[in-house]
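See below for the structure under consideration.
The values are calculated or read from the model by the stated rules, or taken from the named source; none is laboratory data. As the structure is a prediction and not an experimental result, all values here were calculated from the model. Every residue, glycine among them, receives a Cβ derived from its backbone with ideal geometry; neighbour counts consider all protein chains shown. These accessible areas exclude ligands, DNA and RNA; they are computed on the full protein's heavy atoms, side chains included. Shrake-Rupley method; radii C 1.70, N 1.55, O 1.52, S 1.80 Å.
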Amino acid sequence: MATQKINRNEKYMLKGSLKKNGFDRWRLVTTASNMNTGEERVFFIEFYTVNPGLSPKECVLGYKSRNKLSEDELHSALAGSLSAKNMSSETLVHPSFVMVRAGVLCENGKHIDAYFPSEQIQTGKTDLLFKVGSDESDYCSLTTSSTYGTVHITRTELIENPEFMCHPGKISWNLRYTKQISFPVAKGKGIAWSPSGARTVFEGRIVLDGEDYEVTAQKSCGYFEKSWGKNLPEKQFHLNSSNLTSIINGKTLEKSCFVVDGEYGGGINVFVSLGDKTVLFPASKSKRYDVNYEFTENPDTEEGTKFHWSVSISDSKYVVDIDGYSMDTSMFIRGYECPEGKRRLLKTAGSGTGTGELRLYEKVKKNLVLIEHVHIADMIADYGSVEVPEE
């Protein structure tokens with residue numbers, strides 16, 4: 001099979017000044033079915049690199065506790081002659097590491113992380129996007145058409161390294177993928193985001209804690225994105241799905257998807273493709289649109305706490321309204337260390353089993369004409385913000 005040429009927006013980006021002040025992240029999501037029980041679960045795989053030029057030979061995690069006390073101060077502390085305030089002070093560092101994270105975005109979700117020094121990074125000129133690891137037992141790779149890897153960590157290792165902030169377990173994967181719908185790159189201040197596989201078909205196998213899962217093209221409902229830059233977004237507001245069914249005629253929309261992502265300069269990107277109709281609202285041109293979006297929590301439903309993402313955006317030609325929902329039982333929190341250090345952490349609550357509705361209207365003179373009304377399933381729904389520890 002001939003290798004595919006790498007799209008420049010999919011390449012590893014941490015060069016120049018970004019080597020010491022930047023991040024690069026690929027995210028892949030797919031649905032898989034348990035080969036014994038038939039249960040469907042939504043899996044995700046991420047390749048996340050932070051400040052590789054600061055410590056190429058050793059992983060440095062900013063959330064690892066590092067006391068400022070010198071040896072003499074430690075003796076004073078033991079003798080009781082050093083104040084408690086000074087004893088509790090810590091050295092704050094800029095992180096530098098490669099993290100491969102894989103897990104499940106659904107009820108009883110989890111993620112398992114592995115960390116590597118950046119000197120192990122390999123990139124290619126043909127189809128290799130990214131590869132990290134020292135040998136075949138632990139390397140993880142991503143090409144323009146496949147991904148392979150194993151991530152495992154024990155409960156003991158997590159007790160000894162709480163800064164890893166993940167779950168114990170083991171996950172391995174061997175997947176092939178084909179992108180069917182791509183949207184353009186969107187840029188904000190210090191960050192770029194490329195939903196180059198807003199609708200992606202996956203095939204292959206995933207093994208989670210000894211359970212085998214099959215990934216098929218018909219049911220994968222896949223997604224592929226990349227982001228990079230100097231800073232993670234201060235707030236995160238994300239929705240996407242390619243499992244859409246027309247409420248008007250009941251048909252599955254095979255060549256359709258949508259994605260919402262932000263915040264970038266106080267705005268969001270809204271990209272919709274329904275059949276032969278594509279509507280793009282990039283955040284960089286937000287002054288041309290009327291847009292309202294919010295995330296709310298309703299704790300009083302019969303099922304429990306329900307989260308609601310609402311988006312309404314319009315220009316002179318189109319109106320898009322989206323309502324997305326996810327139950328708290330299907331969401332869990334992940335943390336991402338920010339490149340600037342200071343123990344800043346992007347904490348994101350997310351699910352891969354959200355539902356909702358999307359309406360696309362066209363403006364005809366003074367009237368709104370409904371083009372499509374769809375039911376949304378298997379929706380990735382994320383919400384988060386950067387947290388700064390108390391001093």
Next item on the list: Calculate the spin-label point distance for K277 paired with K20, positioning each point 7 Å from the Cα along the beta-carbon direction, and give it in nanometres.
Entry: 5.2 nm
Check: Roughly how many Å is it from the Cα centre of the stretch 197-244 to that of the stretch 100-142, as a whole number?
Finding: 15 Å
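Roughly how big is the stretch 163-259's charge dipole about its Cα centre, with Cβ charges of +1 (Lys, Arg) and -1 (Asp, Glu), in debye to the nearest 20?
Details: 13 positive and 9 negative charges, 113 e Å.
Around 540 debye, computed over the stretch 163-259.
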Margin query: From Cα pairs below 8 angstrom and at least 6 apart in sequence, can you work out the relative contact order of the chain, rounded to a whole percent?
Written below: 15 percent
Item checked: Structure-derived volume of the Cα convex hull per residue in Å³ - corresponding label in (1) 175; (2) 146; (3) 166 -> (1)
Margin query: Just to verify a number: what accessible area does V369 come out at with the full protein assembly present, 1.4 Å probe, Å² rounded to tens?
Written below: 70 Å²
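For the chain, with every protein chain kept in place, what is the accessible area per residue (1.4 Å probe, Å²)?
Numbers: 18960 Å² over 391 residues.
Value for the chain: 49 Å² per residue.
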Check: Which whole-Hz ³J(HN,Hα) couplings does the stretch 284-300 yield from phi under the Karplus relation 6.51 cos²θ - 1.76 cosθ + 1.60, θ = phi - 60°, glycine and proline marked x?
Finding: 5, 10, 5, 5, 8, 10, 9, 9, 9, 8, 7, 10, 10, 10, 10, x, 10
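Which percent of the accessible heavy-atom area of the chain goes to carbon and sulfur, probe 1.4 angstrom? All intermediate terms of the calculation are to be shown ahead of the outcome.
On the way: 8780 of 18960 Å².
Of all accessible area on the chain, carbon and sulfur atoms account for 46 percent.
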Next item on the list: Give the cross-link partners of K219 among the lysines, using a straight C-alpha distance below 22 Å as the criterion and excluding same-chain residues fewer than 8 apart.
Entry: K110, K179, K251, K255
Checklist line | Amide N proximity, the stretch 142-172 versus E214 label position 7 Å along Cα-to-Cβ, cut-off under 19 Å | finding: 172
Next item on the list: Quick one: check the C-alpha center-to-center distance for the stretch 145-171 versus the stretch 357-371, whole angstrom.
Entry: 47 Å
Checklist line | Under 18 Å from the Cα of K187 - aspartates and glutamates, other chains or at least 8 residues apart | finding: E10, D24, E225, E234, D261, E263
Item checked: Estimated 222 nm signal from helices in the chain, with DSSP H stretches of n ≥ 4 weighted -39500 (n - 2.57), rounded to 500 -> -1000 deg cm²/dmol
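If you put +1 on each Lys and Arg Cβ and -1 on each Asp and Glu Cβ, how big is the dipole of the stretch 238-313 around its Cα centre, in Debye rounded to 20? Show your work: numbers first, answer last.
On the way: 7 positive and 10 negative charges, 111 e Å.
Dipole of the stretch 238-313, to the nearest 20 debye: 540 debye.
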Next item on the list: May I ask which residue of L358, Y223, G275 lies farthest towards the positive end of the charge dipole of the chain, with charges of +1 (Lys, Arg) and -1 (Asp, Glu) on Cβ and the Cα centre as origin?
Entry: G275
